[in-house]
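Colleague: Can you read through this structure? Questions will come right after.
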Amino acid sequence: MSEDKFMQVLIGPQHPGSGHMRFIVKMDGDIISEFEPDIGYVHRAVEKIAESKRYIQIVPLVERPILADTANINLGYILALERLLGIDAPPRAQYLRTLLAEINRIHSHLYGLGIHGIMIGSSTIFMWCFADREIWIELAQELTGARITYSYMIPGGVRRDLPNGFNEKLSKAIAYMEERLKDYEKIFINNPVVTARLIDVGIIKKDDAIKLGIVGPNLRASGVAYDVRKIEPYCAYPEIDFDIIVRKEGDAYSRVLVRFEEIKQSMKIVKQVVEKIPSGPIINESYLKLIPPKLREKAEQTGIWKMPAIFINLKPRKGEAISRVEAGRGEVTHYIVSDGSPNPYRFRVVTPSFRNLIAFKYTMPGHRLADIPAIYGSLDYFPPSADR
Amino acid sequence: MIPKPSTIKRHLEAIITGLKYIFVKNRLTLRYPEMVQLLSENYRGMIKYYMDRCISCTLCARICPADAIKMYTVGENKLPGINYMRCIFCGFCVDICPKEALEFTNIHDLAYYTREEQIQKPIEFSKGPPKPIFKKEPMKIVVKLDKSRGLKYERT
C-alpha cells in the first residue's frame with residue numbers, strides 16, 4: 001500500500017486536549033506510527049528577561065515557569081547564586097528549605113496524580129488529589145505567607161521562621177494523609193479499571209531511559225536509582241533518612257506508583273525535618289548584621305525577617321556557577337554566568353519537563369490513540385516548565 | 001471472559017470506598033461570597049503604606065521585581081505608589097523597608113470597578129487596601145487541619 005494508509009492527526013494546541021502544546025501524530029489505523037510533540041506555545045523568555053533583572057528579582061521570576069513546584073526551582077537558583085556569592089545558609093535555614101521543598105514535592109505529586117486521573121477518566125481521584133493538595137498548600141502558606149509562589153528562599157537563608165503551632169498542624173496533616181492514601185490505593189491504584197489502562201502501557205526500558213536522558217520519577221520507574229538528593233546531597237538531605245523509590249517495569253503504572261510512594265517518603269522526610277531542626281539564625285551572619293537592630297529584635301519575636309538593603313545590589317564575583325536540585329518532576333539545573341555586575345550575564349535553567357519531553361517521541365509509537373492520555377499523564381509533563 | 005476473583009475483589013473495594021464517602025461528607029469548597037475564609041495574620045496580601053514612617057529611600061521601588069511600585073513626587077518628597085495590576089505579592093518591598101512603612105495585610109480580594117483605581121498614587125496608597133464590599137455580611141470561616149477530615153472549615 002502507498003503512503004495513503006497513514007492519517008495525520010493534530011492534537012492540540014487547545015489546552016483541554018493536550019496542554020499548552022501540539023502533538024502531530026501519524027496514525028496507521030488506530031495505531032500510532034509516529035509521534036511528534038510540538039512545543040513552544042508558552043515560551044516566555046524567562047532566561048532572557050533574567051538578564052535584565054537584578055539577582056534578587058530573579059527569585060520570583062524563576063518560579064513562574066514551574067508553578068506546581070516553585071520551592072524546588074527557587075532552591076536551585078538560590079544554591080547556584082550562593083555558590084557565586086561565596087556564602088552559605090545557616091543549618092536552621094537549610095532544614096527550613098528542605099521542609100518547604102518536600103511539602104512542595106507532595107503537592108506537586110498530588111497535582112500530577114490528579115491530572116493523570118482525569119486524563120484516564122477517573123474524576124474521583126482528580127477531586128481527591130486537588131482537595132488534599134489544599135492541605136499542603138495551607139501548610140506552605142502558614143510558613144511562607146503565599147499559597148503557590150513562595151519566593152521563600154533568599155541568598156544566605158530563608159525569609160521566615162517556623163510559625164507557632166506549625167508542628168502540630170503538620171503532624172495532623174501527615175496523620176490524615178497516611179490514612180487517606182490507603183483509600184487512594186483502593187479507589188485508584190488497585191482499581192482494575194486503572195490497572196487495565198496503565199499496566200504494560202508506555203514502557204521505557206532501562207537502557208532507553210538512560211540513553212534519552214529522562215529524569216525524575218520517570219527515570220526511577222525504569223529501574224535507575226538516580227536521585228540528586230542522594231547522589232549530590234544539598235541542604236539538610238545528608239542528615240535525613242529516606243529511600244529512593246525504584247521500580248523495574250518502566251510502564252505507565254510503575255511511574256504512577258513511584259510518585260505515589262514518593263509522597264510517603266516526602267512525609268517521612270518532613271517528619272524528620274521538624275524533629276531534627278536545629279535552633280539558630282535563619283539568615284547568614286554577614287547579612288544578619290546589616291539589618292537594623294530594632295528590626296532584628298522584632299524579627300526574633302515574630303519570625304518574619306527583613307532583608308538587608310544590600311540585596312538590591314548583589315554583585316557576585318566574575319565567574320559561573322551551576323546547581324542541581326531534585327524537583328518534583330526531576331532534576332533541575334541552574335547555570336549562571338556573572339560578569340561582576342548586578343545583573344547576570346547569562347542565565348539558563350534546564351527543567352525536568354524539557355528533559356522528559358523526548359520520552360513522548362519514543363514511547364508513543366505502537367500504542368493506540370486512546371493510550372495517549374494514559375502515557376502523557378504518567379510522564380507528568382508540564383508544558384510551561386519545558387517552554388520556560 | 002470471566003474476571004479473576006482478585007479483580008472482582010478490587011472492583012468491590014473501589015466501589016465500597018466510593019460509597020463510604022457518600023456518608024462521610026467532606027465538603028472542600030467555600031461558597032464565596034456568602035462564606036469568606038479569614039486568612040492568617042502572616043498572609044502576604046495587599047500592602048498597607050504608612051506615609052508618616054516613610055523616609056523616601058526608594059528601596060521598595062528598586063527591589064520590586066514586577067515594576068509595580070513607583071516613586072511619585074509629592075510636594076518636596078518622593079513617595080511610593082503601587083500598581084496592583086502589576087503586583088505579584090512577593091512582598092520584597094515590605095521585607096526590605098527599613099522603617100516598616102509598608103506592611104502586609106491579610107486582604108486579597110483584589111477587585112476594582114475601573115482600571116485607574118488599581119494604580120494608586122502615594123495618597124491613595126496610604127489609605128490602605130479597600131475593605132471588600134459584600135451584599136450581605138459574609139460568614140467568616142477559618143481553616144483548621146484535622147486528623148480525620150484533612151481540612152475543616154469552622155465558623156468564627
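The values are calculated or read from the model by the stated rules, or taken from the named source; none is laboratory data. Just so we're clear, the structure is a prediction, and the values are computed from it rather than from any experiment. For neighbour counting, all protein chains shown are included, and Cβ atoms are generated from backbone atoms with ideal geometry for every residue, glycine included. Each accessible area value is taken on the protein alone, full model and side chains, heavy atoms only, with ligands, DNA and RNA left out. Shrake-Rupley method; radii C 1.70, N 1.55, O 1.52, S 1.80 Å.
Colleague: For B:SER56, A:SER338, give me the order by solvent-accessible area with a 1.4 Å probe, most accessible first, ignoring ligands, DNA and RNA. Write out the running numbers ahead of the final one.
Modeller: On the way: B:SER56 40, A:SER338 5 Å².
Ranked from most to least accessible, the order is B:SER56, A:SER338.
Colleague: Further question on the same structure: Would you mind pulling out the separation of the Cα centroids of segment A:159-193 and segment A:1-52, in Å?
Modeller: So the separation of the two Cα centres works out to 36 Å.
Colleague: When the helices in chain B are scored as -39500 (n - 2.57) per DSSP H run of 4 or longer and the sum is shared across all residues, what 222 nm value do you end up with, to the nearest 500 deg cm²/dmol? Don't skip to the answer; put the middle values down first.
Modeller: Details: 4 runs with 34 residues, N = 156.
Mean residue ellipticity at 222 nm (helix-derived): -6000 deg cm²/dmol.
Colleague: Further question: Could you tell me the distance between the Cα centroids of segment A:249-291 and segment B:5-62, to the nearest Å?
Modeller: 21
Colleague: For the modelled label position 7 Å from the Cα of A:LYS276 along Cα-to-Cβ, which residues of segment A:234-251 have backbone nitrogen atoms closer than 12 Å?
Modeller: A:234-243
Colleague: Need one value: the accessible area of B:ILE55 in square angstrom, 1.4 angstrom probe, rounded to the nearest 10.
Modeller: Accessible surface of B:ILE55 is approximately 100 Å².
Colleague: Based on DSSP H runs of at least 4 residues, each adding -39500 (n - 2.57), what is the mean residue ellipticity at 222 nm of chain A after dividing by all its residues, to the nearest 500 deg cm²/dmol?
Modeller: Here the helix-only value at 222 nm equals -14500 deg cm²/dmol.
Colleague: Please list A:65-76, A:5-16, B:122-133, A:364-375 highest first by mean number of surrounding beta-carbon atoms within 10 Å per residue.
Modeller: A:65-76, A:364-375, B:122-133, A:5-16
Colleague: In nm, to one decimal, how far is the modelled label at B:GLU117 from the one at B:GLU100, with both set 7 Å along Cα→Cβ?
Modeller: A separation of 3.1 nm, rounded to one decimal place.
Colleague: Separate question: What is the protein assembly as shown by shape, rounded, prolate or oblate, if you read a ≥ b ≥ c off the alpha carbon gyration tensor as root eigenvalues and call it rounded for a/c under 1.5, prolate for a/b larger than b/c, and oblate otherwise?
Modeller: prolate
Colleague: With charges set only on the Cβ (+1 for Lys and Arg, -1 for Asp and Glu), what does the dipole of segment A:3-387 come to about its Cα centre, in debye to the nearest 20?
Modeller: Numbers: 51 positive and 47 negative charges, 239 e Å.
That gives segment A:3-387 a dipole magnitude of about 1140 debye.
Colleague: Calculate the length of the line joining the C-alpha centroid of segment A:300-358 to that of segment A:56-101, in whole Å.
Modeller: First find each Cα centre; the distance between them is then 7 Å.
Colleague: If you don't mind, there's one more thing I want to ask. Evaluate the relative contact order of segment B:14-156 (contact order divided by residue number), counting alpha-carbon pairs under 8 angstrom at least 6 apart; express in whole percent.
Modeller: Relative contact order of segment B:14-156: 31 percent.
Colleague: Given points 7 Å out from each Cα along the Cα-Cβ axis, report the A:GLU232 to A:VAL9 separation in nanometres with one decimal.
Modeller: 4.0
Colleague: Report the full-extension gain for the segment A:ASN164 to A:ASP339: residue separation times 0.36 nm, less the Cα-Cα distance, to one decimal in nm. Mind showing how you got there, number by number?
Modeller: Numbers: separation 175, 0.36 × 175 = 63.00 nm, distance 4.25 nm.
Result for the pair: 58.8 nm of gain on full extension.
Colleague: Okay, moving on. Taking 0.36 nm per intervening residue step and subtracting the Cα-Cα distance, what contour gain separates A:LYS289 from A:ILE322 on full extension?
Modeller: Here the answer is 9.1 nm.
Colleague: Less than 15 Å Cβ to Cβ from A:GLU331, Lys/Arg counted +1 and Asp/Glu -1: what total charge do the surrounding residues give?
Modeller: Residues close to A:GLU331 contribute a combined charge of +2.
Colleague: Need one value for B:95-103: mean number of C-beta atoms belonging to other chains within 10 Å of its residues' C-beta atoms.
Modeller: The shielding value for this peptide is 4.
Colleague: Same structure again: Which GluC sites (Glu not before Pro) does segment B:1-53 hold that lie in a coil by DSSP with at most 15 other beta carbons within 10 Å? All intermediate terms of the calculation are to be shown ahead of the outcome.
Modeller: Numbers: sites: B:GLU13, B:GLU34, B:GLU41; in loops: B:GLU34, B:GLU41.
Answer in residue order: B:GLU34, B:GLU41.
Colleague: While we're on this one: Once both axes come from the Cα atoms, what is the angle between helix B:5-23 and the longest principal axis of chain B, in degrees from 0 to 90, rounded to 10?
Modeller: Taking Cα atoms only, the helix is inclined about 50 degrees.
Colleague: Something else now. Given the options A:ALA252, A:ALA80, A:ALA196, which has the most mean-square fluctuation in a GNM of chain A, springs set between C-alpha atoms less than 10 angstrom apart?
Modeller: A:ALA196
Colleague: If you filter segment A:1-74 for GluC sites (Glu not before Pro), then keep DSSP loop positions with at most 16 other Cβ within 10 Å, what is left?
Modeller: A:GLU51
Colleague: Students often forget the sequence filter, so: which aspartates and glutamates lie under 12 Å Cα-Cα from A:LYS169 once same-chain residues fewer than 8 apart are removed?
Modeller: A:GLU138, A:GLU142, B:ASP146
Colleague: I would also like to ask the following. I'd like the FRET efficiency for A:LYS205 and A:SER52, computed as 1/(1 + (r/R0)^6) with the beta carbon distance as r and R0 of 41 Å, rounded to 0.05.
Modeller: Calculated value: 0.40.
Colleague: Shape call for segment A:252-388 from the C-alpha gyration tensor, a ≥ b ≥ c root eigenvalues: rounded (a/c under 1.5), prolate (a/b greater than b/c) or oblate?
Modeller: oblate
Colleague: Another one. How high is the relative contact order of chain A? Use alpha-carbon pairs under 8 Å, at least six apart in sequence, and give a whole percent.
Modeller: Answer for chain A is 27 percent.
Colleague: Residue by residue, what Karplus-based ³J(HN,Hα) values in Hz, rounded to whole numbers, does segment A:327-334 have, using 6.51, -1.76 and 1.60 with θ = phi - 60° and x for Gly and Pro?
Modeller: Once rounded to whole Hz, the list reads 8, x, 8, x, 6, 10, 10, 10.
Colleague: Rounded, prolate or oblate: which fits segment A:36-133, taking a ≥ b ≥ c as square roots of the Cα gyration tensor eigenvalues, rounded meaning a/c under 1.5, else prolate when a/b beats b/c?
Modeller: Judged from the Cα gyration tensor, segment A:36-133 comes out oblate (a/c at least 1.5, b/c at or above a/b).
Colleague: To test your reading of the geometry: what angle, between 0 and 90 degrees and rounded to tens, separates the Cα axis of helix A:252-276 from the longest principal axis of chain A?
Modeller: That helix lies at roughly 20 degrees to the long axis.
Colleague: Kindly list the residues of segment B:121-148 that lie in the label zone of B:MET51, defined by a backbone N under 11 Å from the point 7 Å along the Cα-to-C-beta vector.
Modeller: Answer for this model: B:121-128.
Colleague: Let me ask another. Where is the GNM fluctuation largest for chain A (alpha-carbon springs, 10 angstrom cutoff): A:PRO281, A:PRO308, A:PRO293?
Modeller: The residue with the greatest mean-square fluctuation here is A:PRO293.
Colleague: Compute, for A:LYS186, the solvent-accessible surface of its heavy atoms (probe 1.4 Å) with the complete set of protein chains present, and express it in square angstrom to the nearest 10.
Modeller: For A:LYS186, solvent-accessible area is about 80 Å².
Colleague: What distance in nm separates the simple spin-label points at B:HIS108 and B:LYS140, each placed 7 Å from Cα in the Cβ direction?
Modeller: Using points 7 Å along Cα→Cβ, the separation is 1.8 nm.
Colleague: Here's something else I'd like to know. Mind pulling the angle between the C-alpha long axis of helix A:70-85 and the longest principal axis of chain A? Nearest 10 degrees, somewhere in 0 to 90.
Modeller: Computed tilt is about 50 degrees.
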